[in-house]
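Peer 1: This is the structure, below, for whatever I ask next.
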Amino acid sequence: MARTKKLRQIQMAPQFCGFSPDGLLKNKGKEVSITFAEYEALNLCDYELMTQAEAAVVMNVSRPTFTRIYESVRRKIAKAFIEGCTITFETGNADIAEWYKCNSCRISFTIPQGKAHECPFCKNTDINHAQ
Amino acid sequence: MKIVIALNENKLDSHIALQFGKSQWFCIYDSVADTNEYIQNPMQHSSSIDFCESADLFIEKGIQAAVATRFGSKIIEYFRSQNVQMIMTEPNRQANSIINIIK
């Protein structure tokens, strides 16, 4: 039996659905799908400037697994750039940390232990899970 | 309540910074004393690991909430462990609009 994959820890999912190339007619079928784990790997290494070893710890995966995820996302982005593909995000095998969204003032926030389940700004209790 | 707001400039009409750890300034607002203090971010070009090591300063000052447009993964992990609330707003918002709400 195949071993079950460990969930990749993601602190924040992307706040948008994807990217599309400018100046091209919509290319049907030309689409690259990036998982949240791949997005997070790129974020940690190339935006937050962590080493691969540090990023692997944050994502709760081994160093070789992290390297595989990171190489995968870089190849996908290169393909999308060169071939003019649309990039879409998908959840994949990810454990996403909890964020909430206020339906009144539209801010996103966390709720620390012992704090009321309400918007920190407008005190509205009409809140949803953001992801 | 004490909150830290990530800002582009050290003034109250400054816009909220795009990323907490990469912001140029922090404003620490105390709603009880109605005072604010500006701190320059010396780690704005460093990695998020290095920034987190300097984030103890906020805990020592008794910060209960942090405001930015976005937070990095490492600082999210750190603030969660310290029970600090994180609030993400749109980038065109000014610091004084947030302080007026908290007051």
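Peer 1: Starting from region A:1-92, pick out the chymotrypsin sites (Phe, Trp or Tyr not before Pro) whose DSSP state is loop and whose Cβ has at most 11 other Cβ atoms within 10 Å.
Peer 2: Numbers: sites: A:Phe16, A:Phe19, A:Phe36, A:Tyr39, A:Tyr47, A:Phe66, A:Tyr70, A:Phe81, A:Phe89; in loops: A:Phe16.
Filter output for region A:1-92: A:Phe16.
Peer 1: So, with a 1.4 angstrom probe, what is the percent of accessible area on chain A that is carbon and sulfur?
Peer 2: That share works out to 52 percent.
Peer 1: With springs only between Cα atoms under 10 Å, which of B:Ile28, B:Ile49, B:Ile76 fluctuates most in a Gaussian network model of chain B?
Peer 2: Checking each option, the largest mean-square fluctuation is seen for B:Ile49.
Peer 1: I would also like to ask the following. Report ³J(HN,Hα) in whole Hz for each residue of region B:54-60, in order, from the Karplus equation J = 6.51 cos²θ - 1.76 cosθ + 1.60 where θ = phi - 60°; Gly and Pro get x.
Peer 2: 8, 6, 4, 4, 5, 5, 4
Peer 1: Amide H of A:Ala130 versus every other amide H placed in the peptide plane: which residues, excluding those fewer than 5 positions away on the same chain, fall under 5 Å?
Peer 2: Residues meeting the criterion, in which the H sits 1.01 Å from N, are A:Trp99, A:Tyr100, A:Lys101.
Peer 1: Which entries in the list A:Lys6/A:Lys101; A:Lys115/B:Lys74; B:Lys22/B:Lys61 go over 26 Å, if you measure between the two C-alpha atoms of each? Show your work: numbers first, answer last.
Peer 2: Values: A:Lys6/A:Lys101 28 Å; A:Lys115/B:Lys74 22 Å; B:Lys22/B:Lys61 20 Å.
Distance filter (> 26 Å) returns A:Lys6/A:Lys101.
Peer 1: For region A:75-118, state which GluC sites (Glu not before Pro) are in a DSSP loop and have at most 10 other beta carbons lying within 10 Å of their beta carbon.
Peer 2: For GluC sites (Glu not before Pro) across region A:75-118 that sit outside H, G, I, E and B with at most 10 neighbouring Cβ atoms in 10 Å, the list reads A:Glu98.
Peer 1: Still on this model: Region B:50-77: which residues show an accessible-area loss of 50 Å² or more, assembly versus chain alone, 1.4 Å probe?
Peer 2: The answer is B:Arg70, B:Ser73, B:Ile76.
Peer 1: Further, regarding this structure: Taking the square root of 5 times each eigenvalue of the Cα gyration tensor, what semi-axes in Å does the equivalent ellipsoid of the protein assembly as shown have, largest first?
Peer 2: Working: eigenvalues 214, 79, 67 Å².
Here the semi-axes work out to 33, 20, 18 Å.
Peer 1: Give, as a single signed number, the net charge of other residues whose beta carbon lies under 12 Å from the beta carbon of B:Arg70, with Lys and Arg counted +1 and Asp and Glu -1.
Peer 2: -1
Peer 1: Still on this structure: Under 8 Å for C-alpha pairs, at least 6 residues apart: give me the relative contact order for chain A, rounded to a whole percent.
Peer 2: For chain A, the relative contact order is 31 percent.
Peer 1: Continuing with this model, one more query. Could you look at region B:2-102 and say what percent of its accessible area is carbon and sulfur, using a 1.4 Å probe and all protein chains?
Peer 2: 46 percent
Peer 1: A follow-up question, please. I'd like the trypsin sites (Lys or Arg not before Pro) in region A:1-110 restricted to DSSP loop residues with at most 15 other Cβ atoms within 10 Å, sorted by number.
Peer 2: In loop regions of region A:1-110 (DSSP not H, G, I, E or B), the sparsely surrounded trypsin sites (Lys or Arg not before Pro) are A:Arg3, A:Lys5, A:Lys6, A:Lys26, A:Lys28, A:Lys30, A:Arg106.
Peer 1: List for region B:83-99: residues with 40 Å² or greater reduction in accessible area, all protein chains versus chain alone, probe 1.4 Å?
Peer 2: Output list: B:Asn83, B:Gln85, B:Met86, B:Ile87, B:Met88.
Peer 1: Over chain A, with the other protein chains present, what is the accessible area per residue in square angstrom, probe 1.4 angstrom? Could you put the intermediate results ahead of the total?
Peer 2: Details: 7860 Å² over 131 residues.
Normalised by residue count, the accessible surface of chain A is 60 Å².
Peer 1: Follow-up. Between B and A, buried accessible area summed over both sides at probe 1.4 Å, in Å² to the nearest 100?
Peer 2: 2400 Å²
Peer 1: Would you mind checking the tilt of helix A:63-83 against the longest principal axis of the Cα atoms of chain A, expressed as 0 to 90 degrees and rounded to 10?
Peer 2: Taking the Cα atoms of chain A, the angle to A:63-83 is about 70 degrees.
Peer 1: Amide H of A:Ile107 versus every other amide H placed in the peptide plane: which residues, excluding those fewer than 5 positions away on the same chain, fall under 5 Å?
Peer 2: A:Cys102
Peer 1: On to the next question. Cα centroids of region A:9-85 and region B:1-68: how far apart, whole angstrom?
Peer 2: 29 Å
Peer 1: Quick one: what are the phi-derived ³J(HN,Hα) couplings along region A:116-121, Karplus 6.51/-1.76/1.60 with θ = phi - 60°, whole Hz, x for glycine and proline?
Peer 2: 5, 7, 8, 5, x, 8
Peer 1: What number comes out for accessible area per residue over chain B if the probe is 1.4 Å? Units Å², please.
Peer 2: On the way: 4450 Å² over 103 residues.
Value for chain B: 43 Å² per residue.
Peer 1: Work through the residues other than A:Cys119 whose Cβ is under 13 Å from its Cβ and net out their charges, Lys, Arg +1 and Asp, Glu -1.
Peer 2: Once all neighbours under 13 Å are counted, the net charge is +2.
The values are calculated or read from the model by the stated rules, or taken from the named source; none is laboratory data. Quick caveat: nothing in here was measured; it's all calculated off a predicted structure. Every residue, glycine among them, receives a Cβ derived from its backbone with ideal geometry; neighbour counts consider all protein chains shown. These area figures cover heavy atoms from the full protein model, side chains too; ligands, DNA and RNA do not enter into them. Shrake-Rupley method; radii C 1.70, N 1.55, O 1.52, S 1.80 Å.
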